[in-house]
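I'd like to ask you about the structure that follows.
The values are calculated or read from the model by the stated rules, or taken from the named source; none is laboratory data. All figures in this text were calculated on a predicted structure; none of them were measured in a lab. In this analysis, Cβ positions are derived from the backbone assuming ideal geometry, glycine residues included, and neighbour counts consider all displayed protein chains.
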Amino acid sequence: MALPIPTMTQRKSLLKEMMKVLDLDEQTVEKYSTQISLRTSGYVARDLKSLIRQAMLKSKRRKAAKEEDIVNRLEQLSISSDIQWEDFEYAIQVHRPSQQLEQEATMPKRDWSELGGYKEIKDRMKQAILLPLREPHVFTKLGIRPPSGLLLHGPSGTGKTALVQALITESMMNVISIKGPEIFSKYLGETEEKIRTIFATAKRISPCIIFIDEMDAIGTKRGLNDISGGVNERVLSTLLNEMDGVEGRQGVVVIGCTNRLDHIDDAILRPGRLDQLILVDLPTLEERIEIIKAYMHRIAVADDVDPVTLAYQTESCTGADIENLFREAGTLALRKDMNAQRITMQDILQAHTALNMPKITK
């Protein structure tokens, strides 16, 4: 029987236990174990132990290179707390896990606080994915099955992918991330085999999230402009069969994103598949205020920049539009003065004009 590959949470627990021999302080152990666990998908306990050993050897070589005195060199043979993060960084780069995941993707880590607005959507996503993971008994008590998957849909630039990234970061689950168009192969049957391999891998490393961006590319509605000689239908059929493997899919959740819901085949949206449909629409006034505030926390802005005023004047703008507005304003500020310390309201007004957005009034 194949043992499951540890999740990020389990890897962190294993690392904290293994790091006891390093005589590091509790705060450093917490910091290192968190950072390493986030970067070691596919590692089993043996791999983690080997990684720590590799970091220890790197530490000894680094210190020995700086020491000329033989007595001090001998003292370095004992385990000490002098091991540094750069030693672990080196070990991660040179050590490969025994259960290497070919489909593993490194997704940007995001915090919910970085994403302004959309509170109701965030709550729905957490309830659908995190609640079954943390409190499975609440579903058992009611005799219901947790959602099998989510499909986020809406206009481009509204932050669907960023929301999924934040969810994955908080869940600390293993993740396999793919882009719909990139999975297609020119060789007959290879695309279908890739899909089967992805689901088989997800089962092996469960709990796991399969994230499919641009879902409409592989879940295309049957008969919709199919000039591929039936490839789309075969791919869709394979995807549906894998999503229907509910019994063997416990601990595996599928999340999709699309800008073209009308291109998604209805069969994908049936119960047991992507049964939670979430619209991520253009942000409301209140949501734009929160989005602008979130950006203002991360960048240097002058006191005259008012998020409420900007929110009123950015109607019909997406989060991506607002981010681009601040980026352009920062670029303009630097063009005027390479030593600029803050982005002013005037910079934003000029950026707004340069981007041909609807006219802003102060």
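Would you point out the residue of the stretch 1-18, among those that are within 19 Å of residue 209 (Cα to Cα) and part of a loop (DSSP other than H, G, I, E, B), that is modelled with the highest pLDDT?
Out of the qualifying residues, it is 6.
Further, regarding this structure: Consider the stretch 276-298. How many of its residues are part of a helix (DSSP H, G or I) and of a type outside the set (Gly, Ala, Ser)?
So the answer is 13.
Tally time: how many residues in the stretch 270-285 are within 20 Å of residue 357 (Cβ to Cβ) and in contact (Cβ under 8 Å) with a residue 40 or more places away in the chain?
4
Quick test for you: out of 201, 220, 191, pick the one residue that is of a type outside the set (Asp, Glu), touching a residue at least 60 places away in the same chain (Cβ under 8 Å) and in the same structural domain as residue 270 (by TED's automatic domain parsing).
201 is the lone residue from the list that is of a type outside the set (Asp, Glu), touching a residue at least 60 places away in the same chain (Cβ under 8 Å) and in the same structural domain as residue 270 (by TED's automatic domain parsing).
Output the residues belonging to the stretch 19-51 that are within 24 Å of residue 169 (Cβ to Cβ), in a helix (DSSP H, G or I) and not polar (S, T, N, Q).
Those that are within 24 Å of residue 169 (Cβ to Cβ), in a helix (DSSP H, G or I) and not polar (S, T, N, Q): 19, 26, 29, 30, 31, 32, 36, 38, 45, 47, 48, 51.
Does the stretch 299-331 hold any residues that are closer than 19 Å to residue 280 by Cα and part of a loop (DSSP other than H, G, I, E, B), and which are they?
314, 315, 316, 317, 318
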